[in-house]
Structure formats: C-alpha cells, structure tokens
Amino acid sequence: MEKSEIPENHDDIINLFRNLMEQEYLSQKVLLDFLRKFSATVESSKICGILSSFIDRVTDVRINLNYFSEIYPSESDYELKVLQLFASRKATQISFLEINDVVSPSENNPPQIESQMWTEITKFKYLKYLSINKLQFLLNDLMEMCKNMPTLNEILVVIDCESEFPDDDPQFVQEFSYSFDKIKEFVFAPPGRAFESFKAMSFYEKLINFGIKYLPNLKRILPIGINFDMSKACKEIGKRSQLQYLRLNAIYLEELAPKFERFPLVKILVVRWNEWNRTREDDKRYIALLSPLKEFTKLNDLRLSNLTNPKYLNALYNILGPQLKFLTLNYDTEHRTKVNLKRIQENCPVLSTLEINLANVGESQCMASFKSLKNLQIIYNINYRVFLWNLLAPPNLEVVHLKGFQVTRKGLRDTTSKIKGKAILTKINMLKLYSNGEFSGKLKDELEKEGKLLVSAVRNMRHLDKKAVTFEFS
C-alpha cells in the first residue's frame, strides 16, 4: 500500500499512516482504529490492500473477525477476504479466533456458514479457541471442520437444529467421536427460532446426551440459554468421564448413585429439585440418598434449584459444605423457603461466593466470623426486614447485591456508623442495595436521606466512584 493511494486533503490519515509505517509491531486495536478512519474515504478493496501491508506486524494471538468486517457491513465478501488474509499470513500465530456479533443468536437466526468460510478456518492449525455467533453450522460441517484442527479444544458456536443427526448409525457415532475427540469445552447456542420448537429442543437435548456418552475427553458440554437435564446420559455412560460440569434432576439420584464414581473430576453440580419436592417424604431414608454425592471430591460449586426442605439442605451442607467455594440457591415463585445463613457459615468454611435468589434469609446473628465470604447476592421473594449490618459484617466482602428487603431508619444509621468506624465493608469494591416496601412519603424521604449517608460513607472509605455504590428505594 502506497501513501499515494490515500486521498488528498486527509492530513490526519496521512500522519497516522506514516506513524504506522514506522512501527515494527502493531496491535489489533491500533490497526483497526486506522482502518475505520481510512474506510470513510475509500472502498473496501483499498482497505484490504492496506491490511495486507500491515498484517505481518500484528502481534495479537486473539482476533475477532467481526471487528474488521463491520467496517463494511453491507459487503458480504469483505469478511471472507479478511479471513483469507489472516489464514494465509497469520495461520500459525492465531490461537483464538472469534466471529462474534453483539446481537445474541437467541434474538435472531444467523445465516448458515458457507464451506469456503469454514475451510479457511481449518488453515489455523494452532487454533485452540473458536467462537462464532454470527453464523450457524450444520452439525456435519462442524464435525468436518473440527477433525481437521488438531489443536482446537474449545468451541462456542451456533448449531442448526435442522442438521442431520442419525444417532442410531454406528458409522455416525464413530465419526462424531473422532471429529470432536480433542474438544474439551463444547458450548453451543440455539438460534432464535429453536426456542419455539419442541423438535429443536429435542435435537439439542440429544446432542448433549450424545456428547456425554461418546466424548470422554469433554470437560463441559453446555447449551446457552437452555437448562437441559443430563441424568439420562449419566445413567447410560459406560466409561470414566472427564466432565467437570453436570446438571441433574434430583429424582434420579438413587439410580445415578452407582455412576458417580465415573465422574471424578466434577467441579460444578447443578441439581433441580422440583419433582423431588412433590414425591419424597421427609424421612431418613431419602436423606440417605444424598450421601453418594460425596463421590464428587473435586466439587467446589453447588447450584440448587427449588430445594425447599431445610432437612435436605442441611444434609447437603454436611456432605458437601466443607469443600464448597461457590453456592447458589435458586427458587421460583411456586417454591418458597427460608435460608439459614448461620447454618451455611458453619458448614461451608471456605465458601467465597453465595447467591440466594427469591428466598427469605435468616441473619439474626452477626456474620462477622464468615471470613471466607467475598461475594454475596440475595434477592428476597417478599419485602423482608433485615438487620443490614449483620448481612454486611463478613470482613472480606468485595461484592454485595441485595434486593427486595426492608430496613428501618435505625438499621441504616447503625450500618452507617459501623462503616464509618471501619467495622464492616473495609474491602468492598461494589455495593448494590435495592430496598422495597410500602413507605409513606415522609418515611421514604428519611430512608433515602439515610441511604445517601451510607453510600457516602462507603465511597469515602473505599474511594469508589458513583457506579460502584448504589442504594435505591422503591
């Protein structure tokens, strides 16, 4: 690319061009900034020319092709030309490749990727991570591409639910296993239309179960935006698995227990309890069914959905609590319970993150001895009155999000006093408080005034900006 190809009367672009020519190495960001300014004056062919001139100087190992293609969004072949440039000149350097649009695939139906495009992608022989949400793959095309990329171990793609899936064909099973044998992280997103189709949902559920059964090297297989149960595949698995993420239905725990030893590396366990709540009585025999969960010796992240019986919760704390770093308790409006924070503290000595969504929480005792806790989120299901400073007492809290609670004026004053005395929140980086309640106009004004004093005390102590500390009343 010659300077003479730059239009006249664009001194700023000429100066930028000269500066870039003097640089031995360039970042993707610097190059893109120049290309965006340059594109306002010329057609895409000249942009490809200048990109060709500078591409050998780009040092990034991670490239998002969409950043380049959005410069000329209406020219469909421009994206392919840029990809071909990177594939021919930087194939051995790029280890992370993205073609990601800001629009989620669940909100639209991305076009199908053409063979010419994924054939170019296979030229990146040292690619480890591939993420594409702007286009969708047929399953067979994805298999063909992956089997020609020996270092690829993580994919995040959109898969067409109309893909052929002959899961009862032994040859297809063999090809599927071979194509994805090196993949450790298999994350996929259904296109928007799939959420409206039972047939599409069946396709993705089948894909998950198929992956668990025939890809023993997988660490995680996960659909974005859909919570599929993995119990069926876990019951049928015959080999030791490398999976680190499992999503199960508690109703099958008794059947699954003999298989748990085949999942020795599980770190994240998600369990749904809806059916269990309806069919399991409150007795010791059913509590005993939980004991095989101790086979998950690597487990540090437990996520429970709609477990309402406190006896079962306490049993899980006793079995798994000592090893947990992350605990999430989710509830919906049909399943209500009260969570005992003190019991969690006593049984989970290394817990760093606690999320409780749509429940009431007992915190009558000060939590100052909960030293491991760094991240706390509680969303109350009704306007529940809390002792705020008790909740904020864990000494190492860094992030707090509380919503749907009530607090008295005295409670706010006491909390602010504790903050000023540096008794609480001395390590906080983000504090988001949203209080609900039926307040008279005068009382609401008084509470808002106390809330502002609390916010000011936190910001002054921690030198935080406005976005980091929020207290709102509604």
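FYI, it's all coordinate maths here, none of it is from the lab. These numbers were taken from a predicted model, which means no experiment stands behind them. Backbone-built Cβ (ideal geometry, glycine too); neighbour counts: all protein chains shown.
Stretching Met430 away from Asp33 to a fully extended chain increases their span by 139.7 nm, per 0.36 nm per residue minus the current alpha-carbon distance. About its Cα centre, the stretch 95-228 has a charge dipole of approximately 540 debye under the convention of +1 per Lys or Arg Cβ and -1 per Asp or Glu Cβ, with nothing else charged.
What is the sum of charges around Ser69, taking Lys and Arg as +1, Asp and Glu as -1, for the other residues whose C-beta is under 9 Å from the C-beta of Ser69? Before the final figure, lay out the partial values.
Numbers: positive: Lys134; negative: Glu70, Glu75, Glu79.
Result for the local shell: -2.
Does the stretch 344-474 classify as rounded, prolate or oblate by the C-alpha gyration tensor (a ≥ b ≥ c root eigenvalues; a/c under 1.5 gives rounded; else a/b over b/c gives prolate, otherwise oblate)? Note, shape of the stretch 344-474 comes out oblate. Less than 5 angstrom separates the built amide H of Val158 from those of Ile132, Phe137, Ala189, all sequence-distant by 5 or more or on a different chain.
Below 13 angstrom from the Cβ of Arg220, what's the summed charge of the other residues (Lys, Arg +1; Asp, Glu -1)?
On the way: positive: Lys184, Lys219, Arg247, Lys267; negative: Glu154, Glu185, Asp301.
Neighbourhood net charge equals +1.
Magnitude of the charge dipole for the chain, about its Cα centre and with charges confined to Cβ atoms of Lys, Arg (+1) and Asp, Glu (-1), is about 2940 debye. Listed here are the pairs Lys29/Lys374; Lys206/Lys267; Lys125/Lys267; Lys37/Lys128; Lys206/Lys338; Lys90/Lys134; which of them are more than 26 Å apart at the Cα? Where the Cα-Cα span goes over 26 Å, the pairs concerned are Lys29/Lys374; Lys125/Lys267; Lys37/Lys128; Lys206/Lys338. With a simple spin-label model that places each label point 7 Å from the Cα along the Cα-to-Cβ direction, the separation between Thr470 and Ser417 comes to 3.0 nm. Look at where the Cα atoms of the stretch 269-318 and of the stretch 173-208 average out, and the two centres are 29 Å apart. Charge tally for Ala468 (other residues, Cβ to Cβ under 10 Å; Lys, Arg +1; Asp, Glu -1): +4. Just need log10 I(q)/I(0) for the stretch 95-228 at q = 0.09, 0.10, 0.20, 0.22 Å⁻¹, Debye formula, equal scatterers on the alpha-carbon atoms, no solvent, rounded to two decimals. Treating every Cα as an identical point scatterer, log10 I(q)/I(0) equals -0.23, -0.28, -1.27, -1.55.
The structure-derived value of log10 I(q)/I(0) by the Debye sum over Cα atoms at q = 0.06, 0.08 Å⁻¹ appears in the list (1) -0.39, -0.68; (2) -0.26, -0.47; (3) -0.45, -0.68 under the label (1).
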